[in-house]
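Undergrad: Pasting a structure here, questions to come.
The values are calculated or read from the model by the stated rules, or taken from the named source; none is laboratory data. As the structure is a computational prediction, the values presented were derived from the model and not from experiment. Positions of Cβ are backbone-derived with ideal geometry, glycine not excepted, and every protein chain shown enters the neighbour counts.
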Amino acid sequence: MTSPLRKPLVAVPVENRVYHRSLAAHREDRGAIATHDHFSRTPKLSLRNVSLSYATNSHNQLVALKNINLQVQTGEFLCIVGPSGCGKSTLLHLIAGLHQQSSGDVLVDNTAVQGPGTDRILIFQELGLFPWLTVAQNVEFGMRMKNISRPQREAKVREYLRLVHLHQFKDNCIHQLSGGMRQRVALARALATEPDVLLMDEPFAALDAQTRDLLHDELERIWAETQRTIVFVTHNVREAVRLGDRVVLLTFRPGQVKREYRIDLARPRHLEDVHVAGSAREILNDLREEINESIEEEYGLEANA
Ligand code: ADP
């Protein structure tokens, strides 16, 4: 049984909201409701009754996602949590247009996703940076693919490297950078293509705690400055509460939306903040039920093997 939610964490139904925010305003207003809501007619992303099955080796189907209904508003920071194998990455790949749903609709700006597009970009843990290119050349790479003129590319490289505080490292090679700096290069490269939607798949999971804290601060600031829509997948509930306007919890296989939580904590937030910890604890209680299910299934599979 899940316990009823207490303030400052509030479970919310899916609804038409758009969040506008300014970190400066939140600083002045700490302790108050952090997000300013405006109703929006069209969500940025919309998943309607989306299911996805994978064909397995034995010609069986593995239902990874089942009847997902989810809306993400323009400028919203949505975090998705759930036990390993519940379909979090699959969900991001669907939105990115890298996978095709078995049924249902995946819409961006009310238009069906037909495949990858420059309006959505996926950032993942492995980063995919090119080690033979400099920092600036890596950031420039996506823009070259879009045939953007050289002066424009150079201006954008300067702008986005400054945004992630790496402009002094523009001529460095990737191997000369720390893990946190590489992650910031990947972020600058993604932002430089000016996508509306950033899809982030456990981007900070491999980083040490201190670097991750710094990147949380940077990402929150960049999000506030650029007004991007972010869908952020993590297995770390506290990270989700630290960053998200809303946290969606998926069930263990098949992945379904178990519950949504509106996070009304003032920004900027900190991982160690008592309210962040309290809200994370409540979500973790719900998540534990799903983790137990996954363990039971693993044991069941072992027993039948
Ligand atoms: P998560 O990101 O939550 O760990 P995934 O989206 O990676 O989960 O995977 C969901 C389920 O789908 C898992 O059981 C995984 O083994 C399975 N799966 C993922 N990709 C494939 C694939 N290409 N073919 C078959 N099964 C897959």
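Undergrad: Condition test on Q61, is it within 16 Å of the ligand (Cβ to nearest atom) and assigned by TED's automatic domain parsing to the domain that holds L161? Talk me through it step by step, then tell me what you get.
TA: On the way: within 16 Å of the ligand (Cβ to nearest atom): yes; assigned by TED's automatic domain parsing to the domain that holds L161: no.
The answer is no for Q61.
Undergrad: Now for a different question. Which condition does A224 not pass, out of (1) in a helix (DSSP H, G or I); (2) within 18 Å of N138 (Cβ to Cβ), if it passes all the others?
TA: (2)
Undergrad: Next question. Search region 210-237 for residues being of a type in the set (S, T, Y) and surrounded by 21 or more Cβ atoms within 10 Å (Cβ to Cβ), and hand back the single one that is nearest to the ligand (Cβ to nearest atom).
TA: We begin by selecting, within region 210-237, every residue of a type in the set (S, T, Y); these are 211, 226, 229, 234.
Next, from what is left, pick out any that are surrounded by 21 or more Cβ atoms within 10 Å (Cβ to Cβ): 229, 234.
Numbers: T229: 20, T234: 10 Å.
If we take residues in region 210-237 being of a type in the set (S, T, Y) and surrounded by 21 or more Cβ atoms within 10 Å (Cβ to Cβ), then T234 is nearest to the ligand (Cβ to nearest atom).
Undergrad: Under 9 Å by Cβ, and 6 or more places apart or on different chains, what pairs join a residue from region 71-85 that is part of a loop (DSSP other than H, G, I, E, B) with one that is within 15 Å of the ligand (Cβ to nearest atom) and of a type in the set (S, T, N, Q)?
TA: G82/T251; P83/T251; P83/S294; S84/S294; G85/S294
Undergrad: Go through region 107-147 residue by residue and tally those that are touching a residue at least 12 places away in the same chain (Cβ under 8 Å) and within 15 Å of the ligand (Cβ to nearest atom).
TA: Summing the residues that are touching a residue at least 12 places away in the same chain (Cβ under 8 Å) and within 15 Å of the ligand (Cβ to nearest atom) in region 107-147 gives 4.
Undergrad: Now a separate question. Here are T229, T251, T211: which of them is in contact with a strand residue (DSSP E or B) (Cβ under 9 Å, 6 or more places away or on another chain), under 18 Å from L187 (Cα atoms) and among the β-branched types (V, I, T)?
TA: Numbers: T251 fails: under 18 Å from L187 (Cα atoms); T211 fails: in contact with a strand residue (DSSP E or B) (Cβ under 9 Å, 6 or more places away or on another chain).
Among T229, T251, T211, only T229 is in contact with a strand residue (DSSP E or B) (Cβ under 9 Å, 6 or more places away or on another chain), under 18 Å from L187 (Cα atoms) and among the β-branched types (V, I, T).
Undergrad: List the number of the failed condition for K258; all other conditions in (1) under 15 Å from G82 (Cα atoms); (2) buried (at least 21 other Cβ atoms within 10 Å of the Cβ) hold.
TA: Among (1) under 15 Å from G82 (Cα atoms); (2) buried (at least 21 other Cβ atoms within 10 Å of the Cβ), the lone unmet condition for K258 is (2).
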